[in-house]
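Notes to accompany the following structure.
The values are calculated or read from the model by the stated rules, or taken from the named source; none is laboratory data. None of the values given here were measured: they were computed from a predicted structure. For neighbour counting, all protein chains shown are included, and Cβ atoms are generated from backbone atoms with ideal geometry for every residue, glycine included.
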Amino acid sequence: MIYLYAYTNFKDGLDSLRRVKVIYDFLTENGKECELLLNEYRAQLTARDWGLPLATTIETIKDIDAVATPEDIVIIDSPEAIEGKVLSYPDRFKKVIYLNSQCENVNFGNSVVLEVFNKSNLLAPKLKKCVKNGKSIFIYGDSDYEKTILKNSDLFKDKNLDLYFGTYFFVKYEDKLTSIFNQLIDAQEYYNILEEYENIITTSPQIAIECALNGIKICFLELRELEECQKDLLQNLKVNISKKICDNFDKVELNNNDNMSILNIILSYV
């Protein structure tokens, strides 16, 4: 069995799940038996809406060994600390592949470590080519714990924008957001959004990557501080990084097969 663990948290959102979905879909298409490990039930429901099977729930990275056995392969996408018994995972399981989403080196024994914000390791779904609806949407992310959208509401007023309403947005938060945006689009529609919207504004490096690799017009709104490796990558991809809503949206010209190298690397180990 191949276990794919994606860190899913009400403060950090579902970007790990987005990357793991790409890997899961690729591996199952290649005949590999896979199972998802997530941290909580709301992420499971969203994953199901995104076309994934029901996952097994574990509390933290330290609980992977409660499910996986020495004969299993484990793929981990999590910013949680690699410490304590987790350090023994590469010796306890058949193979450990670790997707490093941090800007610092990770010492994880003899595991395979892949830097996800390296241009050679980009992970993004291959989307259907659809007729665009001419609309623009803002995707802050899956959680707005600090209510950053409201604090920056002047940026969005009169911009004719829809809003992606994240899985972890507060109950009744929509009551305040409906006065700022045209309409709120549920998280379950995430992949339909990428396929159908003309322009996407986001504060998520992972979502920016997914747009860039699918030729979607993208504006990266820097409402929260980027890590250096993330900023370097987005600049390298020629994504427009701005402190305000872009006046013009640029399509990043990338080959939609640019993400195949990391997937083939993973496949070679499983």
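Things worth noting here:
- 3 or more residues at pLDDT below 95 and small (Gly, Ala, Ser): qualifying helices (runs of 4 or more DSSP H) within the range 1-95: none
- Every residue from the range 215-237 that is exposed (fewer than 14 other Cβ atoms within 10 Å of the Cβ) and either over 17 Å from Ile139 (Cα atoms) or outside the structural domain of Thr203 (by TED's automatic domain parsing) (or both): Glu228, Gln235, Asn236
- Test: residue in the range 128-137 that is more than 17 Å from Cys246 (Cβ to Cβ), among the hydrophobic types (A, V, I, L, M, F, W, C) and at pLDDT below 95: yes
- Condition met for Asp142 (under 15 Å from the mean Cα position of the chain (by Cα), closer than 26 Å to Ala187 by Cα, of a type in the set (Asp, Glu) and in a loop (DSSP other than H, G, I, E, B)): yes
- Search result, residues across the range 30-47 that are under 21 Å from Val171 (Cα atoms), surrounded by fewer than 22 Cβ atoms within 10 Å (Cβ to Cβ) and not polar (S, T, N, Q): Glu40, Tyr41, Arg42, Leu45
- Condition met for Val96 (within 18 Å of Ile262 (Cα to Cα) and outside the structural domain of Gly166 (by TED's automatic domain parsing)): yes
- Scanning the range 158-194 for residues that are touching a Cys at 6+ places or on another chain (Cβ under 9 Å) and touching a residue at least 60 places away in the same chain (Cβ under 8 Å) yields a total of 1.
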